[in-house]
Amino acid sequence: MDREHVKGAADKAKGAIKESAGKITGDKDLEVEGKIDKAKGSAHNAAGDMKDAAREAADALKK
(Lines give C-alpha, C1' and ligand atoms only; values in the text may rest on other atoms or scores of the structure.)
Protein backbone atom coordinates (compact mmCIF):
# COMPACT_ATOMS: atom_id res chain seq x y z
CA MET A 1 0.00 0.00 0.00
CA ASP A 2 1.50 3.32 -1.03
CA ARG A 3 1.01 6.86 0.25
CA GLU A 4 -1.93 7.59 -2.08
CA HIS A 5 -3.87 4.55 -0.87
CA VAL A 6 -3.21 5.39 2.78
CA LYS A 7 -4.30 9.01 2.28
CA GLY A 8 -7.37 7.82 0.37
CA ALA A 9 -8.40 5.46 3.16
CA ALA A 10 -7.89 8.18 5.77
CA ASP A 11 -9.92 10.73 3.80
CA LYS A 12 -12.73 8.23 3.24
CA ALA A 13 -12.88 7.37 6.94
CA LYS A 14 -12.80 11.03 7.96
CA GLY A 15 -15.50 11.80 5.42
CA ALA A 16 -17.74 9.00 6.61
CA ILE A 17 -17.49 10.25 10.20
CA LYS A 18 -18.25 13.84 9.20
CA GLU A 19 -21.14 12.81 6.98
CA SER A 20 -22.67 10.66 9.73
CA ALA A 21 -22.19 13.38 12.34
CA GLY A 22 -23.81 15.89 10.00
CA LYS A 23 -26.81 13.63 9.45
CA ILE A 24 -27.23 12.98 13.18
CA THR A 25 -26.97 16.64 14.17
CA GLY A 26 -28.81 18.01 11.15
CA ASP A 27 -25.72 20.00 10.10
CA LYS A 28 -25.95 20.01 6.31
CA ASP A 29 -22.59 21.80 5.93
CA LEU A 30 -20.80 19.07 7.89
CA GLU A 31 -22.62 16.40 5.92
CA VAL A 32 -21.51 17.97 2.62
CA GLU A 33 -17.96 18.38 3.92
CA GLY A 34 -17.94 14.65 4.70
CA LYS A 35 -19.09 13.80 1.20
CA ILE A 36 -16.32 15.97 -0.23
CA ASP A 37 -13.72 14.24 1.95
CA LYS A 38 -14.99 10.85 0.77
CA ALA A 39 -14.67 11.99 -2.84
CA LYS A 40 -11.10 13.14 -2.16
CA GLY A 41 -10.38 9.71 -0.72
CA SER A 42 -11.68 8.05 -3.87
CA ALA A 43 -9.49 10.34 -5.98
CA HIS A 44 -6.41 9.43 -3.94
CA ASN A 45 -7.22 5.74 -4.32
CA ALA A 46 -7.57 6.16 -8.08
CA ALA A 47 -4.23 7.95 -8.23
CA GLY A 48 -2.66 5.14 -6.23
CA ASP A 49 -4.16 2.57 -8.59
CA MET A 50 -2.72 4.44 -11.58
CA LYS A 51 0.73 4.54 -9.96
CA ASP A 52 0.50 0.80 -9.26
CA ALA A 53 -0.44 0.09 -12.86
CA ALA A 54 2.43 2.24 -14.16
CA ARG A 55 4.89 0.43 -11.87
CA GLU A 56 3.60 -2.96 -13.00
CA ALA A 57 3.87 -1.94 -16.66
CA ALA A 58 7.43 -0.70 -16.14
CA ASP A 59 8.34 -3.95 -14.38
CA ALA A 60 6.82 -5.99 -17.22
CA LEU A 61 8.93 -4.09 -19.76
CA LYS A 62 12.10 -4.88 -17.82
CA LYS A 63 11.51 -8.64 -18.11
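The values are calculated or read from the model by the stated rules, or taken from the named source; none is laboratory data. What you see is a predicted model; the values in this text were computed from it and never measured. Quick reminder, even Gly has a Cβ in these numbers, built from the backbone with ideal geometry, and neighbours come from all protein chains shown.
Under 9 Å between Cβ atoms, at least 6 apart or on separate chains: pull out the pairs that start in the range 31-47 with a residue that is free of Cβ contacts under 8 Å to residues at least 24 places away in the same chain and farther than 12 Å from ALA13 by Cβ and end on any residue that is hydrophobic (A, V, I, L, M, F, W, C) and surrounded by fewer than 16 Cβ atoms within 10 Å (Cβ to Cβ).
GLU31/ALA21
I need a count of the residues in the range 31-58 that are surrounded by fewer than 16 Cβ atoms within 10 Å (Cβ to Cβ) and within 9 Å of the chain's Cα centre (by Cα). I'd like the intermediate steps shown before the answer.
The first filter runs over the range 31-58 and keeps only residues surrounded by fewer than 16 Cβ atoms within 10 Å (Cβ to Cβ), leaving 32, 35-36, 39, 42-43, 46, 49-58.
From what's left, within 9 Å of the chain's Cα centre (by Cα): 39, 42-43, 46.
Count: 4.
LEU30: at pLDDT below 95 and not hydroxyl-bearing (Ser, Thr, Tyr), yes or no?
Details: at pLDDT below 95: no; not hydroxyl-bearing (Ser, Thr, Tyr): yes.
Here the answer is no, as LEU30 does not meet what is asked.
For the range 19-30: of the residues being among the small types (Gly, Ala, Ser) and assigned to a helix (DSSP H, G or I), which is nearest to the chain's Cα centre (by Cα)? Give the steps one after another, and end with the answer.
Here is the first cut: in the range 19-30, the residues among the small types (Gly, Ala, Ser) are 20-22, 26.
Cutting the leftovers down to assigned to a helix (DSSP H, G or I) gives us 20-22.
Values: SER20: 17, ALA21: 19, GLY22: 19 Å.
Top of the filtered list is SER20.
Here is a list: ALA43, ALA60, ALA16, ALA10. Which entry is out of contact with any strand residue (DSSP E or B) (no Cβ under 9 Å at 6 or more places or on another chain), at pLDDT below 95 and part of a helix (DSSP H, G or I)?
Values: ALA43 fails: at pLDDT below 95; ALA16 fails: at pLDDT below 95; ALA10 fails: at pLDDT below 95.
Sole residue among the options that is out of contact with any strand residue (DSSP E or B) (no Cβ under 9 Å at 6 or more places or on another chain), at pLDDT below 95 and part of a helix (DSSP H, G or I): ALA60.
What are the pairs, 6+ residues apart or on separate chains, where a residue within the range 1-13 that is farther than 9 Å from SER42 by Cα has its Cβ under 7 Å from a residue that is in a helix (DSSP H, G or I) and of a type in the set (D, E, K, R)?
ASP2/LYS51; GLU4/LYS51
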